[in-house]
Structure formats: structure tokens, C-alpha cells
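The values are calculated or read from the model by the stated rules, or taken from the named source; none is laboratory data. All values derive from a computational prediction rather than experimental measurement. Neighbour counts are summed over all protein chains in view; Cβ atoms, including those assigned to glycine, are modelled from backbone coordinates with ideal geometry.
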Amino acid sequence: MTPHWYRTLDAQGRRTFWIAFAGFVLNALAIQLYPLLQPTIATAWGLSALQAGAIASVTLVASTLGGWIAGALSDRLGRVRVLRATILLFAAATLLCAISRDAVQLTIARAIQGAAFGGEWAVGIVLVAEAAAPATRGRMVGAAQSAWAVGWAIAAGGVFSAFSFHDPVLSWRVAFGLAAVLALGVLLLRHRFPSPPAGRRGERSAIWRDLFAPRHAYATFRGALLAIGLHSGYWALATWLPTLLRFEAGDGDAGRRLAVMIGGSFLGYFGGSWLSDHIGRRGALLTFAVTATLFVPVYFALPHSKALAIVLGFPLGFLATGMFSASGPVLAELYPTALRGSGQGFCYNLGRGVAGLTTGVIGAGVDEVGLAPVLAAVVAGAYGLVALAALLLHETRGRVLADDAPPALRELTAPRDA
């Protein structure tokens, strides 16, 4: 049965969705390879937990700069034109990861990959939000974001299968190489996609510092706070939980536990998007954030039998991604079209950059405290920030994003302070 939000799209809207979805799958596949391969690479090159964590941190911090630049350029040059450039850079950087000969080269390659990833995601999610109808925007954005779980699942399945049959050191190079080839395939799809105009004709071009002007500064603060909490919690789990599971359960059981968590993540995108369209963005964020803040300490504190680990992994994945489904529409709805790429790019990627620093802090604390206690504290604290941001937000559900909509409708649906 075709979802209602999909039936409301015209041909251009459907193409926008599927091209963005394909790109997001690729992003997840290539970006999640390193956390899955981190123990193998660390062993092969003799890296400490701090050094291995630093490579992951660099990727996320670099994504901040890439998102800011690409978001600003998309407001001036057009969304799809910038997307084409980011996917080409992403493919090249992924290939560099495959041929890296030491930790320094891999760090540089992952930094470039992170910058391209940050730019592609920031611009792509704005494009999807602008193509959606106001009443179903949450569900469409959530469906597009569910591509991350699909890419993560492909990466995990490929990595654990390769470790079962081939030399692990060779396997991680092959994995990055295949991801680069897939990136070029997505680029070919996007090359055929016509670029919409960057903004309304005659509209004054917004500049980046407008995000901090009195009219938009509070929206930027709340969007940044929301993104910092979301990304810090998610990336702490995505970067270090595979390592924890492999050390505790071995490759076989770790793969099964991670598969259940990824399944919960996939459904979380749809659950969060449905909730945000029905009870509002603010209510959905509060529901997921408060539940996750209470659940995470329980997950890491309880002794995990095989059965219990599988049962608890599903809600952990569901809660971790359910919040993202509401956050995507919120960040798009906080800003007018002329600032939307810049605003969403700034907030979203600032959050990812702070998350990069957070993953490095976790690596530094592993030897002193242990991985599980550090993860529990960081993730629960991060989701507490999401709850705080949700309390500060005004409801934006149903806001019309098109600047050529009737003025009365734009005024009626605009947030009170944005």
C-alpha cells in the first residue's frame, strides 16, 4: 500500500525523494564502515583507543565545515547543483580511504569524506523538506532519513560477512572501494536531475551572518542545541557500541545484536515521523528524548544475556533515530527559504561537529573508566539536551515553506519568533 504522503507528490517530488534516499543510503554505508572496522584497523596499525577514536572524531568535525559551506552555497547556487559537487567529492574521498597506507592518510581521507558527507546531508534534507506538503512533511523527511538505517545495515552485513570468509585487513579496503564505486552510480542519477532555482526571483540574497541577526538568533540557538544533543547521543552509540559488542560477544553475536538495533533504528524513523505529524514536532521530540534519557542507563547497567541484549537493542535503536524524524522538519521550518540551507546546515552540522569531539572524549576515557559507563553517561546526557531544546521550541508543524504561497497563509503558519 502506497503511503499517503507519497501519493501527494508529483513526478518531480518523487524523483527528489528517491535520489535523496539513494544518496543517504550511500552516506550511511561509507560513513558507518569505519566504526564497524575500527577494532580491525586499530589492531592492524597498533592504534590506541584514543587514536582510533580521533579518526572518527575528525570525520564528524570536518562534516561541520562541509555542511556550513554547502548549506550557504545551496541558498545561492541551487540545491541540486551543490549536491552533485558533494557526491563527487564523497566518492573521491571514499576511494582515498580504500588506498590509505597508514593512520595519517586515513585521517586525511576521512576528513575530506566527512566534509562531503556533511554538505550532502545538509542540502539533501532541505531539498526533501521543500518538496513535501506541510501536513505530511514529517513522514516524508522521516522516510528519507530511514535510508541511513538501510545503509548501516548494508555496511554491517558486508563487514561481518567479509570477516567470516576473507582476510579482515584486505576486506576493509575492498569495502571502501566498493562504496566509492556506488557513490559514482548515485552521481550519475543526480546528473540527470534538474536543479530548481535557488530562490525566488527578485528576493534579496541572504548572507550567512543573518542567522545571528535578532530575528533569527534565538531560532539558531534552539536549533543548534537540538542538533548537539541528537548527534552527540547518536554518534556516541554508532561509533563505540560496535566495538563494545565485539569485545563482549565476538563477531558473530555482535553482528546479530547490531542487526536488531539497526532494525529498531529503521522503524524509529517511521515512528518518529508519524508522531511528529500527528502530535507535533515538540511533543514527538519530548516523548522520544525523555524516554531515551531514562532507558539508556538501564540498557548499559543490566547484565546482558544473549536474549536480553537482543530485546534491549531494538528499543535503543528505535529511540535513537525516532528523534531525527522530528528534528529534520523542525530545522527546515525554523528559517525562510533564503536562509534555510544555511540555517539547517549550520545547526545540523554544528551538532555533528560537537559529536565528533564527544566521540574523542569517550576514547580518552575508556582506559580510566571503561567503555560502558562512559557511553551511558554521554548518551543519556545528550538526550537530556534534546529534551531541553524541545521545551524551548515553539510548534512548527504545518508551516508552509514555499515563499510564493499566499502571504496570509505564510503569516498564519510561520513560527512566532522565526
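On the stretch given as region 363-373, residues that are free of Cβ contacts under 8 Å to residues at least 24 places away in the same chain, crowded, with 19+ Cβ neighbours inside 10 Å and either touching a Gly at 6+ places or on another chain (Cβ under 7 Å) or within 16 Å of residue 302 (Cα to Cα) (or both) total 0. Could you grab me the full set of residues in region 1-14 that are surrounded by fewer than 19 Cβ atoms within 10 Å (Cβ to Cβ) and either in contact with a helix residue (DSSP H, G or I) (Cβ under 7 Å, 6 or more places away or on another chain) or within 13 Å of residue 140 (Cα to Cα) (or both)? Once the filter is applied, which keeps residues that are surrounded by fewer than 19 Cβ atoms within 10 Å (Cβ to Cβ) and either in contact with a helix residue (DSSP H, G or I) (Cβ under 7 Å, 6 or more places away or on another chain) or within 13 Å of residue 140 (Cα to Cα) (or both), region 1-14 yields 2, 3, 4, 6, 7, 8, 9, 13, 14. Taken across region 20-41, residues that are out of contact with any helix residue (DSSP H, G or I) (no Cβ under 7 Å at 6 or more places or on another chain) and either among the small types (Gly, Ala, Ser) or assigned to a helix (DSSP H, G or I) (or both) do not occur at all.
Regarding residue 396, is this residue among the hydroxyl-bearing types (Ser, Thr, Tyr), modelled with pLDDT of 70 or more and within 22 Å of residue 133 (Cα to Cα)?
yes
Within region 42-68, the set of residues being assigned to a helix (DSSP H, G or I), in contact (Cβ under 8 Å) with a residue 24 or more places away in the chain and within 21 Å of residue 368 (Cα to Cα) comprises 49, 50, 51, 52, 53, 54, 55, 56, 57. Restricting region 86-131 to residues that are out of contact with any Leu (no Cβ under 6 Å at 6 or more places or on another chain), in a helix (DSSP H, G or I) and free of Cβ contacts under 8 Å to residues at least 24 places away in the same chain leaves a set whose member that is farthest from residue 188 (Cα to Cα) is 104.
Tell me, please, whether a residue that is at pLDDT below 70, more than 30 Å from residue 58 (Cβ to Cβ) and among the hydroxyl-bearing types (Ser, Thr, Tyr) can be found in region 213-221. The answer is no; no qualifying residue exists.
Consider residue 284 carefully, then state whether it is of a type outside the set (Ser, Thr, Tyr) and surrounded by fewer than 23 Cβ atoms within 10 Å (Cβ to Cβ). Considered against the rule, which asks whether it is of a type outside the set (Ser, Thr, Tyr) and surrounded by fewer than 23 Cβ atoms within 10 Å (Cβ to Cβ), residue 284 comes out as no.
For residue 243, state whether it is at pLDDT below 85, polar (S, T, N, Q) and in a helix (DSSP H, G or I).
Here the answer is yes, as residue 243 does meet what is asked.
When we screen 284, 289, 307 for residues that are modelled with pLDDT under 90, farther than 23 Å from residue 25 by Cβ and part of a helix (DSSP H, G or I), the only hit is 307.
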